Each structure stands twice: as C-alpha cells, then as structure tokens.
Ligand code: NAD
C-alpha cells in the first residue's frame, strides 16, 4: 500500500452512492489537504491524525465509496472495522478515537498502545474529518478578545496593547483577532520562520524589544490597530517589559506550553540549537524549558498584580508552571471561565459550514444568508464584515460562525433549502469544533471552574454524541484528546446538507439538541446566563435538574 496523497473532490459529480457519503469523503480529503504533515497523516496539534495508517486510510475511502444509504461505517481510532446495516436517517459514519479506560489514560500508556499500532490521537477535528485549516481558528480567538474588550475596556481594544507569544498553527489567530478588535498586538515567537509564514497577518517585524514597544505605544496612542512581531522568547519579553517599567493592557500566551519537550522552547538557544539540544539531551532540554516557563508565568503574575488583564489561552501553561513550583500559577484565570462561558451558556459556539462544491461563490452566498438571517447580531455582523477579506481560503471554502441555540438550526435549514433550490453548486457540510457548549469535558479549559464543581464530570460529551446519533447526524465521533491524553474527552458531529426533506428533519433534531445539551450542561451547573436562557429556549428540563428548584417533586 502506498502513501499516495488523496485528491480533493470538488464540483457536482458523485463518486459515492449518495451525497451524504460523498460529503464525508470530501471532508476527509479536505482535512488531509490542509494537514501539516500529510505524508504522516498528521493534520495538526503535533500528533492529531486523520487515519491510523495508509492502509486504513485507503480502506476508509473504499468503504465510503461503497457505503449504502442504510449503512453505517464504524471507525475505531482511525481504522475502519465494520459496516453495519442501520437506518437511512442514522449516521453514515461513527468514530471513536484514542479512548482509554480512565486508569490507563496517561500519555505514556497511550504512546505504548499507539506504537503497538492499536490506537491514534485524533485531536478535536483531525480524527473526525472536520478540520478546515486556518479558516477554523480565527473566530474563536476574535470572540475571546472581543469578550475581554467588553469585560475590561468598554467593548473595544482601541488604544490597548495585548502582549502574547506563539505564531504557530493556532496561535497565529491572535494577530487578526486582536486587530479586528481594534487593538495593538505585540506577539513574540522564537522561530523567525513562523513569523515569516504568518506575514499576511503581521504589520511589522520589530528589530528588538525597545523598537517593538515604541511602535506599539505609538499605535495605541493613535488608537490604531497594529500587529508587531518580534523574534524572542516569551519569558524574556515579559521580564523585559517589567524591567523597563512598562506594561501591556492584556497579557496571554499561545506557545506550546503543554509540551515541555516537543513544544515550549527554553530561553537561550535559538530554534536550531534548541532542536539539537532536544535530540542530544532531552532531560536537559526539559529542565531548561521548565525553568523558562516558571520565569514566564512569574512575570505574567507580576503583571497581573500591577493591573494587567492576564489569562491562560488553553495551552496548559498554569499546570506546567504549578508542576515547576509556581504555587500561585492558577491565580491566572483560564480563557473559558473568563470570557467564553457566557457564549456557551446560550449554546453559542464554533458552528461552521464547508462548501463541498469547492466554489467560493457558494460561501459568499452563505455569508450573505447569515448576514440577512442574523441582522441584529452585532458580533456576527462585525465578524462577517471582516472575515472574507482577512481569512484566506484553504482547501474547500468554509466559514466559521459562532451561532447559538436556535440560530444554528435556522441557518442549517436555510442552507439545506439553498441546496434543494440549486442556489449553491453542490451540497454543504455543517460541522463544529469539539470546543463547544456541550461537547467537551476538559477541567482546565472548557469546563474549568463550573459553579457547581462539576468540571470533571465527563457524562456530557457522551450524552452529546448520543444525541447526535439519535438526531441523525451524518458523522458522530467521541474522542479522548487535547494536548494530553487523560485530560479531556469530547464529541464531534457533521451533517451533510443534501437538500432533502429527510435532512430538514435531521437538521431540526441535531441542531436543537447539539447546542441544547450545552445550554442544559451550563444551566444544571448553575451558570446564570444559561438558567435565564433556558426559561425562554423551549428546552424541556425537569426542575430537579436545576440548582435552585422551586419546590421538591414538581416540574
Ligand atoms: P504550535 O506548536 O504550532 O506553535 C507554538 C509556537 O510557539 C511555535 O511557533 C513556537 O516557535 C513558539 N514557541 C515555543 N516556545 C516559545 C517560547 N518560549 N517563546 C516564544 N515562542 C515560543 O502550537 P499551536 O497549534 O499554535 O498551539 C499553541 C498552544 O495553544 C498549544 O499548547 C495548544 O494546545 C493550545 N491551543 C489552544 C486552543 C484554544 O482554543 N485556545 C486551541 C488549540 C490549541
């Protein structure tokens, strides 16, 4: 079996026995077309794969081509293992990736099982074929900085300086997200190649820290957005600003701090020397990276004490710092409780559509449709005003649009109608990130600091996945994942809008329940916005499930 790359199906011709199977095949091809290391089937996140190995990938493709309208393909950690006869409205594909029993769910044991060829890491969207490259990452970061602006700066980052680090696969989104919120970003990365690769998002590469700060200050005084990149270590920059007695308004970080050997780079060596040290003496590398990380987090804590808005951006920085002896690392809040939870509470999250035709004109039409349907959603309108010009198309044209409970079903039904009417050139896939209202349990991120202490309760993503199956999504997946195995579990789902009446029915059920269980998860935990929203949502919840029930035994 060869490592021949897959093509990327476009246009209106079918290679499978129906559009639901063809749509999933194109999502798989698109995931690999956007992959960081397609030759290894690695899509993103260092290890997140689309299939276990090349024979498995070819077998998945063959199975999808053969799959009937009442068949369901079963994929176990990137390998197809069976096809069962189910129902026409049942999922066409069911996926489970990287799941281990809790006691075995350690990175070390996972690595052994993976090396024995028994499992693979699917990250969030790699293993369930919903990855859309850079098109998928900017809006969540834009929403986060927007919430930060509303919370601390009256709704805009104009005149504010955001200090951060990391211009990698995910971190690059910080550049457009800060400037779309009108702020000034000072972003450092140790790797000049990363800065070069993100040139389209960067206004200026500074010569040194003094130059960077001067440019940032000047832009902030003019209240103009600016992205300044600097080749430097995050710890050195944070300490350097403190030494100079100057402070940003906001500080965060998206270096790969979750991995102190493969990701986070210690202060001192340049990237080539760091790579050499990593291979030659991994123990020494880890020791130095740990020291740097501790300095980095201490500097962020000093900034916080001086009034800077500091938050962790989902990279496990605090856990690593705590293990490195920074006892108060968790004084820094995580970005979900700080900024994203109110969105999740009303089921608002990273909904996205992918134009299976490959035509940008289809996406333009769907952008217009969203603008028309949600004219009173200012955040969405601002996003859709800027995203088309700022976000390059990668693979199949796609748009991410944070929509809430109710809005998702409305948009999906409208998309299905446009497919039925032939207004778009081919069917459209609708999917989402696992980082969503009801689909993830990750106690140091998505479910950190739940008011009732239920951060580690992992029933919710399983319920979410089962609802996806019950509602007739085309693909439903359960993963154990994120930066570290054992740290989280989550669920994914995709619906192919083929224009049929049956798909209208599936959409109504899936997009009611998928964000709906997110609202319920937050309401039962006592998140006030979710409790308020629940009362007008039409979602039926027995009062016993809610934290302040009016009377025992009633509903
Ligand atoms: P990546 O590995 O692609 O990029 C990390 C970047 O950090 C690299 O460019 C590297 O050169 C740079 N870097 C490493 N150490 C540095 C240091 N000490 N100083 C300055 N630069 C340094 O990773 P990514 O995909 O961009 O993800 C970044 C982190 O964000 C990861 O930990 C990831 O798990 C986390 N993450 C967060 C979210 C979220 O929703 N907030 C989503 C996905 C990933």
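We did not get these values from a lab; they are worked out from the coordinates using the rules stated. Values in this document were obtained by computation on a predicted structure and should not be read as measured data. As a convention, Cβ positions derive from the backbone with ideal geometry for all residues, glycine included, and neighbour counts pool all protein chains shown.
Rounded to the nearest 500, the 222 nm mean residue ellipticity of the chain from helices alone is -12500 deg cm²/dmol, with -39,500 (n - 2.57) taken per DSSP H run of at least 4 residues. Taking every DSSP beta bridge that has both ends in the chain, the antiparallel portion is near 55%. Assign one of three labels to the stretch 80-239, namely rounded, prolate or oblate, based on the Cα gyration tensor with a ≥ b ≥ c the square roots of its eigenvalues; rounded applies when a/c is under 1.5, prolate when it is not and a/b is larger than b/c, and oblate otherwise. Cα axes put the stretch 80-239 in the prolate bin. Relative to the longest principal axis of the Cα atoms of the chain, the long axis of helix 378-390 lies at roughly 80 degrees. At q = 0.12, 0.13, 0.25 Å⁻¹ the log10 of I(q)/I(0) for the stretch 203-260 amounts to -0.31, -0.36, -1.20, computed by Debye summation with a single uniform scatterer per C-alpha, solvent ignored.
Descending by average beta-carbon neighbour count within 10 Å, the peptides 432-443, 339-350 line up as 432-443, 339-350, the highest first. Using a simple spin-label model with pseudo-atoms 7 Å out from Cα toward Cβ, residue 15 and residue 286 lie 4.3 nm apart. With N counted as the residues of the stretch 135-333, its alpha-carbon radius of gyration over 2.2 N^0.38 Å works out to 0.95. Dividing the mean sequence gap of close Cα pairs (under 8 Å, 6+ apart) by how many residues the chain holds gives a relative contact order of 15 percent. Taking the square roots of 5 times each eigenvalue of the Cα gyration tensor of the chain, largest first, gives ellipsoid semi-axes of 36, 27, 24 Å.
Peptides 260-273, 370-383, 407-420, 491-504 ranked from most to least packed, by the mean per-residue count of other Cβ atoms within 10 Å: 491-504, 407-420, 260-273, 370-383. The simple Förster model, with R0 at 25 Å and r as the Cβ-Cβ distance, assigns residue 470 and residue 118 a FRET efficiency of 0.30.
Over the stretch 31-87, all Cα pairs binned in 5 Å intervals from 0 give whole-percent P(r) values of 4, 21, 24, 21, 15, 10, 5, 1, listed from short to long. Counting only DSSP beta bridges with both residues in the stretch 135-333, the antiparallel share comes to about 0 percent. Distance between Cα centroids, the stretch 45-88 to the stretch 419-439: provide it in whole Å. Centre-to-centre distance over Cα atoms comes out at 20 Å. Take every pair of alpha-carbon atoms less than 8 Å apart whose residues are at least six positions apart; their mean separation over the length of the stretch 64-183 yields a relative contact order of 18 percent.
With respect to the chain, whose longest principal axis is taken over its alpha-carbon atoms, helix 528-537 is tilted by about 20°. Mean separation of Cα pairs under 8 Å and 6 or more residues apart, divided by the residue count, gives the stretch 135-333 a relative contact order of 19 percent. Measure nothing fancy, just the Cα-based angle from helix 360-373's long axis to the longest principal axis of the chain, in degrees from 0 to 90, nearest 10. With rounding to tens, the tilt is 90 degrees. Among 220-228, 8-16, the peptide with the highest mean count of other Cβ atoms within 10 Å heads the list, and the full ranking is 220-228, 8-16.
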